[in-house]
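Report on the structure given below.
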Amino acid sequence: MTSGPRIAVAASPRNSRQNLEASSKFQEAANSLRERFPDLLATPLQIGEATFSAVLTDATQGFDFATALAEAVWPMQLRVAMITVGHQVGAAADTQAHSRALALLGEAIRHRATFRFQVSGRKEMEIHLAEAAALLHSTLMAEWTQTRAEAVCAYRALGRQRDAAQKLGITQQAVSQMLRGARLKEMGALETAMREWFTEEARPGLWPLRNFEKEAS
C-alpha cells in the first residue's frame, strides 16, 4: 500500500545536560503539536528519555513541524534530524521510519551537528545549504527573550498582532516591536525557503540563499 511522500523527524536536546528534563518538555509539546497538526501525523509520536520522533504524511511541512516543536520546548535548544522515508505505509514501514530518523539523529550527535538532513533526490551541497539555513533559523530563535517568545507564539496561534496583544494584555505596538526583535520576518523567510525546497523538484542554483534573499527583502 502506498500514500504520499513522507518525512520522519527526530530531535533531542542540543545540550546533554538538559536530557533529564527533555521527556517532560517533549510530552507537553506533543499535546500542542497534535492539536496544531492533526492530519499531518502518520503515526503516534514517540518520546524516549531524551528523544522525540515523528513520521509525517507531508514532507513539505517537515520544517514547519520541527519549528513548532522547537518553539514549544524553548528555551531548550534542539538537535534535529529529518529524513525522507518514501511512500510505503504500514506498521513495518512506520517502525523503520522512526528508526531511520533516530539513527540519523545519533549520527548528528556523534558529529556534533545541529541539523542533519537526508532528502532523496538532493545533492550533498544543497543539503548542506539547507542545514546551514536551518542553523541560522535556530540561532535567531536562541536569541529570543521570554517576552519575545510569548509574542511569537501568540501571533502564530492567532494570526494577527491585535489579537496577540489582547491575549498578552499589551499594546499592538509592543507586540510589533517584540516580533521585530525576535526577527520573525527573517525567520519566516527561511521557513518559506525550506517549505519550497521540500515542495519543488530538485533544481540547480544557489538554493536556499536565492529564495531567502527574495523573501527577506
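The single condition from (1) at pLDDT 95 or above; (2) closer than 22 Å to S32 by Cβ that A133 fails is (2). Restricting the first member to the stretch 170-197 and to residues that are on the phi > 0 side of the Ramachandran plot, and the second to residues that are buried (at least 16 other Cβ atoms within 10 Å of the Cβ) and assigned to a helix (DSSP H, G or I), no beta-carbon pair is closer than 6 Å while six or more apart or on different chains. Residues of the stretch 14-48 that are closer than 13 Å to L78 by Cβ and touching a Lys or Arg at 6+ places or on another chain (Cβ under 8 Å): R14 alone. Among the residues in the stretch 140-151, are any on the phi > 0 side of the Ramachandran plot and without any contact (Cβ under 8 Å) to a residue 40 or more places away in the chain? Scanning the stretch 140-151 turns up no residue that is on the phi > 0 side of the Ramachandran plot and without any contact (Cβ under 8 Å) to a residue 40 or more places away in the chain.
Does A103 count as of a type outside the set (K, R) and surrounded by fewer than 21 Cβ atoms within 10 Å (Cβ to Cβ)? When the stated conditions are applied, A103 passes them.
Inclusion of A70 among residues that are in a helix (DSSP H, G or I), in contact with a Leu (Cβ under 6 Å, 6 or more places away or on another chain) and of a type in the set (A, V, I, L, M) is warranted.
Can you confirm whether the stretch 54-70 contains a residue that is surrounded by fewer than 16 Cβ atoms within 10 Å (Cβ to Cβ) and either of a type in the set (K, R) or within 22 Å of G188 (Cα to Cα) (or both)? No, because not a single residue in the stretch 54-70 is surrounded by fewer than 16 Cβ atoms within 10 Å (Cβ to Cβ) and either of a type in the set (K, R) or within 22 Å of G188 (Cα to Cα) (or both). Any idea which of (1) without any contact (Cβ under 8 Å) to a residue 60 or more places away in the chain; (2) surrounded by fewer than 17 Cβ atoms within 10 Å (Cβ to Cβ); (3) assigned by TED's automatic domain parsing to the domain that holds M194; (4) over 16 Å from R195 (Cβ atoms) is the one L136 doesn't satisfy? The failed condition is (4). Note on the stretch 21-39: among residues that are farther than 20 Å from S99 by Cβ and in contact (Cβ under 8 Å) with a residue 24 or more places away in the chain, the one that is surrounded by the most Cβ atoms within 10 Å (Cβ to Cβ) is A29. At least 2 residues being in contact with a strand residue (DSSP E or B) (Cβ under 7 Å, 6 or more places away or on another chain) and closer than 25 Å to R17 by Cβ is the threshold, and among the helices (runs of 4 or more DSSP H) wholly inside the stretch 77-195 those reaching it are 91-110, 124-142.
Let's see how each residue does on (1) farther than 15 Å from A66 by Cβ; (2) not assigned by TED's automatic domain parsing to the domain that holds T199:
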{"position": "G86", "(1), (2)": "yes, no"}
{"position": "A91", "(1), (2)": "yes, no"}
{"position": "A97", "(1), (2)": "yes, no"}
{"position": "S120", "(1), (2)": "yes, no"}
{"position": "M125", "(1), (2)": "yes, no"}
{"position": "A151", "(1), (2)": "yes, yes"}
{"position": "R156", "(1), (2)": "no, yes"}
{"position": "G159", "(1), (2)": "yes, yes"}
{"position": "G169", "(1), (2)": "yes, yes"}
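The values are calculated or read from the model by the stated rules, or taken from the named source; none is laboratory data. What you see is a predicted model; the values in this text were computed from it and never measured. FYI the Cβ positions are ideal-geometry reconstructions off the backbone, even for glycines, and counts take in every protein chain you see.
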